[in-house]
Structures are given as C-alpha cells and as structure tokens.
Amino acid sequence: MEKKLLFNENGSDDISKRKLIGGDTTNLLNLNNVKYKWANGLYKVMQGNFWIPEVVPMLNDEKDYKNLTKEEKQAYDETLAFLIFLDSLQTINLPNIGDYITAPEVSVLIAIQTFQEAIHSKSYAHIVESVIPPAHRDKIYGYNMSDKVLLTRNKFIASIYQGFTDNPSEETFVKVVIANYILEGLYFYNGFNFFYSLSARNLMSNTADQIRYIQRDEQTHVALFTHIIKTLQNENPGLVNSSMVYEMFDEAVNMEIDWCDHILGDKILGITLKSSEQYTKYLANMRLNALGFRDLYEEPEFKVNPYKHLNSQAGEDSEVKANFFEARVTDYSRDNVIDKWEEI
C-alpha cells in the first residue's frame, strides 16, 4: 500500500469510483457528494459530542480517594494508567490509518476521532491532577512500564500498530483496523465498569462522570470501525480473514481476563474474576456479531451481560442522561449510539 497524495490533481472525486482504500482520490474534502451515507449520520453524532473535561468538578473524588481500600486505590490507579495509554496510542496512530483512507467522508471522521482521543487524554490528566496526591502522580504514568501484566497488554496492540507503520500492506492494514476495533470495543469496558461500580456505591462519582463522556465518544468510535471493517469486507472479498479475526480476539480476551485477575480479581466489591470473564467474552461475541461473525464463546453464560445493573451508572437511561449531560445531549440518542450503534 502507498499513502495517498496530499493533493492528486489527476485523481477523481466521482463517487461511483470511490473506495475506502486504494482509491484515486484528489484528497479534496468534498463533503456534498458522499458514497458512504452512514458517514453523514455518524458525523452529526460525533460533532454533537463535544465536551470539555474541566467542566466536571473533581472535589468530591479527592475526598473519596482517601477512603478507598488499598485494593480499590491500586485498581483505580492502574485502570487509569491503562486508559491513559490506550488513548495516547490512539491519538498517535489514527493519523497513520487516515493516510490510507481514500474516502473523504471517512477521513473526516478519523480526524474527529483523533481530536476526541486527545480530549480523553486531557480528561485523564484532569483526573490525575485533581484526585491523585502530587507525590504519586508520576507513578500513575509509569505503571504502563513497571507493571509487567499491563506492559504485555500494551505491547500486544502497539506491536500491531507498529507493524503496519513499518510495513504498510493490505494484510497489515486489516490487522491494524481489527486491533483498533478490539481496543475501542473490548479493552476499555472492564475499566469503565470498575469506575461505575464505585459510583454505584457513591464513591468517585466525579470520575464516573468523566468516564460517561468518554464512553459516549467510544461508542461512536466502535461504530466507525464497524463500518470501516464491513466496507473492507464488501469492497475486498477475502481480505478480512475470519481465522485471523478470531485469533486476535481470543488473544485479546485472554489478556483482558489476565489483567482483570491481576488488578481486580475478587478484591473489589461488586466485581469478581468470574463476572469479568463473563463480561469480556460476552462483549467479544457482541463485537464479532456486529461484523457478521459467529460467537467465539458459545456457552450460554457468555451471551448474558453480568453488569447490566450498571447501565444507569453508565448513563444508559434517559433520566440519568438528561441529568448528567443536560442541554448538551438534545441530539444524543441512546437507541442510535448504544443499542444500534452498528447502524449509525
């Protein structure tokens, strides 16, 4: 694969010839004529999600943090460290993917996602500065290197991203978008549920508020890469290899379970290693189904969400959304973004 030209005077903006990758785009962002109609709807939702981390006060969490158990503090710190790494990696890598997207309406969405990932990094910085004691803040950022379990997880996704950067080909491109989909659709969510479980006990509610904003964005990122992968399947039959997809998902799931055992285990009220495994495999099946693949984990227990009781904490009912997002969510639809996010 070769990067698209910054400006290709000999290219064509004819939508009948437009392709997601490998097209002959002029690279002019003509957004009046689009081929992928789903991109217009997703653009409106992503644009409407703008928010600023500093508007969320953190004073209550500073007090709550001092009263967490030793295990809860460790889980809070290392979950925060992992989320910081994920969004840092996304901010840096998404432009690498965008360099090969030859549909302008999709290029714009990649740019919006990149901006949102940077906002998430600022949100985590706001949390660290507001909640974590000054002497401990640098340690939060260091966990991604010092904790071997966390480092192994980070290297799994990062190595795939680096592989595409070093050797851009159709095969490595497919791997990098699947890895992105796994990161956005699987890796964040046990961390999110940890914060929601604390909030359900009236602890660290300000952090949960920040996470609700972040999760609202992540749902659209999952939707974006669902469409990208399905478009690749449609335009390039055979390019998305099911064996490779299942293998990547299975490895990611096993790493997620190992991490949950390491940092959450049975030490956090409301969370067990069994529920973490059930939720991770349930989520993996759901993400695979959205791409048109069968369940990877076929046992009945992996078809049920064990954390459904945390939906209200995640802002997934209208009353909570209205109270939290206030006037900013008048165009935000849970039905579109959460229940039917693959159809956006």
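The values are calculated or read from the model by the stated rules, or taken from the named source; none is laboratory data. Computed from a prediction, not measured in an experiment: that's the story for all the values here. Don't worry about glycine lacking a Cβ; one is built from the backbone with ideal geometry, like all the others, and counts go over all protein chains shown.
Of note:
- Odd one out for Ala135, checked against (1) over 27 Å from Val253 (Cβ atoms); (2) at pLDDT 95 or above: (2)
- Test: residue in the range 95-117 that is at pLDDT below 95 and outside any helix (DSSP H, G or I): no
- Applying the set (1) β-branched (Val, Ile, Thr); (2) modelled with pLDDT under 95; (3) under 29 Å from Asp24 (Cβ atoms) to Ile157 leaves exactly one unmet item: (3).
- Residue count for the range 276-312, restricted to those that are assigned to a helix (DSSP H, G or I) and either under 21 Å from the mean Cα position of the chain (by Cα) or farther than 28 Å from Asp77 by Cα (or both): 21
- Residue among Trp38, Trp51 that is modelled with pLDDT of 95 or more and not hydroxyl-bearing (Ser, Thr, Tyr): Trp38
- Any chance Asn60 is surrounded by fewer than 18 Cβ atoms within 10 Å (Cβ to Cβ) and over 21 Å from Ile214 (Cα atoms): no
- Every pair of residues 6+ apart whose Cβ atoms lie under 9 Å, when the first sits in the range 90-103 and is in contact (Cβ under 8 Å) with a residue 24 or more places away in the chain and small (Gly, Ala, Ser) while the second is buried (at least 18 other Cβ atoms within 10 Å of the Cβ) and part of a helix (DSSP H, G or I): Ala103/Ala39; Ala103/Thr231
- If the condition is being part of a loop (DSSP other than H, G, I, E, B) and buried (at least 16 other Cβ atoms within 10 Å of the Cβ), then the range 28-55 contributes Val34, Lys35, Tyr36, Asn49, Trp51.
- The range 179-203, subset out of contact with any Asp or Glu (no Cβ under 9 Å at 6 or more places or on another chain) and small (Gly, Ala, Ser), residue farthest from Leu296 (Cα to Cα): Ala200
- In the range 118-164, the residues that are within 18 Å of the chain's Cα centre (by Cα), closer than 17 Å to Trp259 by Cα and basic (Lys, Arg): Arg153, Lys155
- From the options Thr91, Thr25, residue that is of a type in the set (Val, Ile, Thr) and more than 26 Å from the chain's Cα centre (by Cα): Thr25
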